[in-house]
Amino acid sequence: MMQKKNISISFEEYSSVDELSSTDRNLCLESVNAMASSYSPYSGFRVGVAVILSSGKIVYGSNQENGAYPSGLCAERVALFAIGSSYPNDKIVSMAISAQTDHFEIKEPVTSCGACLQVMAEYEKKQSSLINVLFYCPNGSIIRTVGIKSLLPFAFTETRLQK
Ligand code: THU
């Protein structure tokens, strides 16, 4: 018999960085600085990411586009793959994401694409501890989630690869 089911997710919304912990506030502001290295001549849309690891190290990422459009990569995955390759045993505690475009004013937090969420889910599983994500809009609010399940409740997990 068909059953209707619900998944409820929760998130925090802040109206200003002043309401955040000093670590989260710093991470949000660092994500804005990370936009400086965005290479986005095709979309004109700059995305910056700052990730804090359990060692206290902060790793940055920005979107890197390519003339062969699908060869480019989102800022989130640039940062996460840099961590996976350079700091494979350091756990990801929190990541902040912000975006900007010359074409219009962004007034709401820009949330990550599904492929980036899937990669976040993978690293969360790998490290066995939750990742906090902050979507920061300098001209608007901040969304904060605890754990990727709130962002991607139906994430694919490698258990599906096993019999
Ligand atoms: N982009 C990101 O960096 N992160 C996302 O989660 C979504 C989109 C980038 C990809 C592309 O360079 C530009 O934003 C426009 O899609």
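The values are calculated or read from the model by the stated rules, or taken from the named source; none is laboratory data. Keep in mind the model is a prediction, meaning the values are calculated, not measured. Cβ sites come from the backbone with ideal geometry, for glycine too, and all protein chains shown count toward neighbours.
Tabulated data for the structure shown
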quantity: Residue in the range 98-115 that is surrounded by fewer than 17 Cβ atoms within 10 Å (Cβ to Cβ), polar (S, T, N, Q) and over 22 Å from residue 40 (Cα atoms) present; calculated: no
quantity: Every residue from the range 138-149 that is buried (at least 19 other Cβ atoms within 10 Å of the Cβ) and hydrophobic (A, V, I, L, M, F, W, C); calculated: 142, 143, 148
quantity: Any chance residue 67 is within 8 Å of the ligand (Cβ to nearest atom) and surrounded by fewer than 17 Cβ atoms within 10 Å (Cβ to Cβ); calculated: no
quantity: Residue list for the range 110-146, restricted to those being free of Cβ contacts under 8 Å to residues at least 60 places away in the same chain, closer than 21 Å to residue 99 by Cα and of a type outside the set (A, V, I, L, M); calculated: 111, 112, 113, 114, 116, 118, 135, 137, 139, 140
quantity: Breaking point among (1) within 13 Å of the ligand (Cβ to nearest atom); (2) modelled with pLDDT of 95 or more, for residue 106; calculated: (2)
quantity: When residues of the range 116-126 are limited to those that are farther than 25 Å from residue 17 by Cα and not charged (D, E, K, R), the one surrounded by the fewest Cβ atoms within 10 Å (Cβ to Cβ); calculated: 118
quantity: The range 41-64, subset buried (at least 19 other Cβ atoms within 10 Å of the Cβ) and among the hydroxyl-bearing types (Ser, Thr, Tyr), residue farthest from residue 127 (Cα to Cα); calculated: 62
quantity: Top-ranked residue in the range 28-64 [being within 12 Å of the ligand (Cβ to nearest atom) and assigned to a loop (DSSP other than H, G, I, E, B); ranked as nearest to the chain's Cα centre (by Cα)]; calculated: 63
quantity: Scan of the range 105-154 for residues that are more than 15 Å from the chain's Cα centre (by Cα), over 23 Å from residue 32 (Cα atoms) and of a type in the set (A, V, I, L, M, F, W, C), ordered by number; calculated: 154
quantity: Out of 86, 129, sole residue that is away from the ligand (no atom under 16 Å from the Cβ), among the polar types (S, T, N, Q) and within 25 Å of residue 22 (Cα to Cα); calculated: 129
quantity: Members of the range 1-51 that are touching a residue at least 24 places away in the same chain (Cβ under 8 Å) and basic (Lys, Arg); calculated: 46
quantity: Any hit, the range 72-79, residues being at pLDDT 95 or above, part of a helix (DSSP H, G or I) and away from the ligand (no atom under 11 Å from the Cβ); calculated: no
